[in-house]
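In what follows, a structure is listed as structure tokens, so that the remarks can point back to it.
The values are calculated or read from the model by the stated rules, or taken from the named source; none is laboratory data. Just so it is clear, the structure is predicted and the values come from calculations on it, not from any experiment. All Cβ positions, even for glycine, are placed from backbone atoms using ideal geometry, and neighbour counts span all protein chains on display. Just the protein is used for accessible areas: all its heavy atoms, side chains included, with ligands, DNA and RNA removed. Shrake-Rupley method; radii C 1.70, N 1.55, O 1.52, S 1.80 Å.
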Amino acid sequence: QVQFVESGGGLVQPGGSLRLSCAVSGSIFRILNMAWYRQVPGNQRELVAGITNGGSTMYTDSVKGRFTISRDNAKNTVNLQMNSLKPEDTAVYYCNINPPNIRAWGQGTQVTVSS
């Protein structure tokens, strides 16, 4: 079973940047369509950004122009560069395949944007 380990979260001031990374186990990473999701307590988990096995990307409207998703098939990682962060970006961020395997959610990484 493919597993996901997220890292890179933290506390950052509005306007700051963070880079999230997700390590993906297994030998099939290169064929997976991947995505980053986020969840605020009390809300549903939402898809933030996705990248196909061919490298095509998509973003939810609220992060377009600020976030960049990328993948490294040699290292089995998917990354999320987050710039110009806003308080409303505060959430726990998860990676998973797209659409997600609901049995495979990792622990996530907390991102807090606050002054």
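When you go through D89, D72 one by one, which is the residue that is surrounded by 15 or more Cβ atoms within 10 Å (Cβ to Cβ) and more than 10 Å from the chain's Cα centre (by Cα)? First the steps, then the outcome.
On the way: D72 fails: surrounded by 15 or more Cβ atoms within 10 Å (Cβ to Cβ).
When all the criteria are applied, what remains is D89.
I'd like the full set of residues that are touching a residue at least 60 places away in the same chain (Cβ under 8 Å) and of a type in the set (K, R), limited to the range 1-52. Can you show your working first?
Looking only at the range 1-52, we keep the residues that are touching a residue at least 60 places away in the same chain (Cβ under 8 Å), and these are 1-20, 22, 24, 32-35, 37-39.
Scanning the range 1-52 gives R19, R38.
With respect to the conditions (1) assigned to a strand (DSSP E or B); (2) closer than 17 Å to Q1 by Cα, S21 falls short on a single one, namely (2). Of all residues in the range 35-58, exactly one satisfies the criterion of being open to solvent by less than 60 Å² (accessible area, probe 1.4 Å), of a type in the set (G, A, S) and not in a strand (DSSP E or B), namely G55.
Of the residues in the range 4-26, at least one is open to solvent by less than 30 Å² (accessible area, probe 1.4 Å) and touching an Asp or Glu at 6+ places or on another chain (Cβ under 6 Å).
For the range 59-74, check the following and say yes or no: at least one residue is touching a residue at least 24 places away in the same chain (Cβ under 8 Å) and assigned to a loop (DSSP other than H, G, I, E, B). Taking every residue of the range 59-74 in turn, at least one turns out to be touching a residue at least 24 places away in the same chain (Cβ under 8 Å) and assigned to a loop (DSSP other than H, G, I, E, B).
Here is a yes/no grid of residues against (1) under 18 Å from Q110 (Cα atoms); (2) under 10 Å from the mean Cα position of the chain (by Cα); (3) of a type in the set (G, A, S):
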residue: L11; (1), (2), (3): yes, no, no
residue: R19; (1), (2), (3): yes, yes, no
residue: F29; (1), (2), (3): no, no, no
residue: L32; (1), (2), (3): no, no, no
residue: R38; (1), (2), (3): yes, yes, no
residue: G42; (1), (2), (3): yes, no, yes
residue: A49; (1), (2), (3): yes, yes, yes
residue: T60; (1), (2), (3): no, no, no
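For the range 99-109, the condition holds for at least one residue, the condition being that it is open to solvent by less than 30 Å² (accessible area, probe 1.4 Å), assigned to a strand (DSSP E or B) and touching a residue at least 24 places away in the same chain (Cβ under 8 Å).
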